[in-house]
Amino acid sequence: MDQHHSQVHQQVSSELENGDVNYKEGLNSNNIKGGFVNGKTPQNVSSSIIRKKSDPMLVSSNVRFEMLGYFLTNLQEVILGTKLAVLFPAIPLAIAADYYKFGRSWIFALSLLGLTPLAERVSFLTEQIAYFTGPTVGGLLNATCGNATELIIAILALYQNKIHVLKYSLLGSILSNLLLVLGTSLLCGGLANLKKEQKYDRKQADVNSLLLLLGLLCHMLPLMFRYAIGEGTATAFSTLELSRVSSIIMLIAYVAYIFFQLKTHRQLFDAQEEDDEEEEKAVIGFWSAFTWLAGMTIIIALLSEYVVGTIEAASDSWGISVSFLSIILLPIVGNAAEHAGSVIFAFKNKLDISLGVALGSATQISMFVVPLCVVVAWTMNIHMDLDFSLLETGSLAFTIIITAFTLQDGTSHYMKGLLLFLCYIVIAACFFVHKIPQNQISQGKPFNGLFAA
């Protein structure tokens, strides 16, 4: 009997080690292709820095049932394989707070905390799937799911007809990546490498800067059109049509960017890795990763619904404006893992990865998520345009221009990072005192060019 148990355990260990398939051969051939390391974007590489290796002692060596052992190993890798696992209890607490009708501000806070580890785990799971699908498909999957949390929050805000929350959260994600993430990365990297000249590849930064400027143009044209023609129903309709056409063009540009990144100029986007880093391999099987990814996406959708539904109540309870919560707080908490990884790589003098995280995420939000929301709203017969109002569009314009100037020479020092960070503080202070009239929010009336059906 003991011999039989030993054979079963060896079989389970072998299958778990191989992730249900023989992926080692695939790893050797797909190590660095398509501008990705093992199919990973810089965002995935950045997030992986805060992961921790699982302790094999957590899975008992006396597990007698193959499925139980397999489930425990998956649970160990997916749930306990991150340093943010301490925040997972916030998920059931948020659900319980909603069920027992606790204060809505508590639901908002707990949901926000619960989204933090989930966003990092989605990055981990898409990375695991990429080991089996190859670098091209894996790269596309990572590019699509890189900002899954923001996209889900945006879609739910659109469904609940909260256009202001949608626009603010997406704008905040762009500002956060360009000023907070990039700024703190350059600041910390410069301080940690005072005696070294930090350099990065300008070509990658130039491509992302051009895309961001194109996105800025598409945001500014509806705003300038409204101020040039004047307010009115005809103007609103023309602005909406212009926004929809611009959104289609932005999506075409983003598809071209993905093709440029994965195929024709993939060498510009190669992520750096440690020279002595061990060859990575999948730790869970394809279908396990796919199942976990689907389940976590559902949980993200649930928590995102809580966030969108309680943000005004949290604003009233805490005395903080909705604009500040959406533009500043949501992006900071939602992308905490990715941000931390970017700073750590800057400490290691690997600015190309830090720039890939900050610029890549900002570009994806600006050129993919925002226009996609406009197109989705179009199909839902909801009036959403690209007019983010004067204050918001002005903040976005100065952010993109300042970032482009900062990255133009291919070198970095801590002063550049400090100035970007201070710009973010000033913008945060601006939106902290910026109040939206509550009657406009509750009645769904347009304000400063923001439309609600």
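Any idea of the accessible area per residue across the stretch 326-442, 1.4 Å probe, to the nearest Å²?
In whole numbers, the stretch 326-442 has 35 Å² accessible per residue.
Please report, to one decimal in angstroms, the Kirkwood hydrodynamic radius of the stretch 292-384 built from all distinct Cα-Cα pairs.
Taking the inverse mean of 1/r over all distinct Cα pairs, the stretch 292-384 comes out at 15.8 Å.
Could you put W318, W106, W292 in order of accessible surface area, largest first, with the 1.4 Å probe and the full protein assembly present?
So the residues, ranked largest to smallest area, are W106, W318, W292.
Going down the table (K350/K416; K167/K350; K199/K348; K101/K435), which pairs top 21 Å between alpha carbons?
Long pairs (Cα-Cα over 21 Å): K167/K350; K101/K435.
Given a 1.4 Å probe and the protein chains all in place, what does the accessible area of H164 round to, in Å² to the nearest 10?
10
The values are calculated or read from the model by the stated rules, or taken from the named source; none is laboratory data. Bear in mind that the values here come from a model prediction, so they are computed numbers and not experimental data. SASA here: full protein model, heavy atoms, side chains in, ligands and nucleic acids out. Shrake-Rupley method; radii C 1.70, N 1.55, O 1.52, S 1.80 Å.
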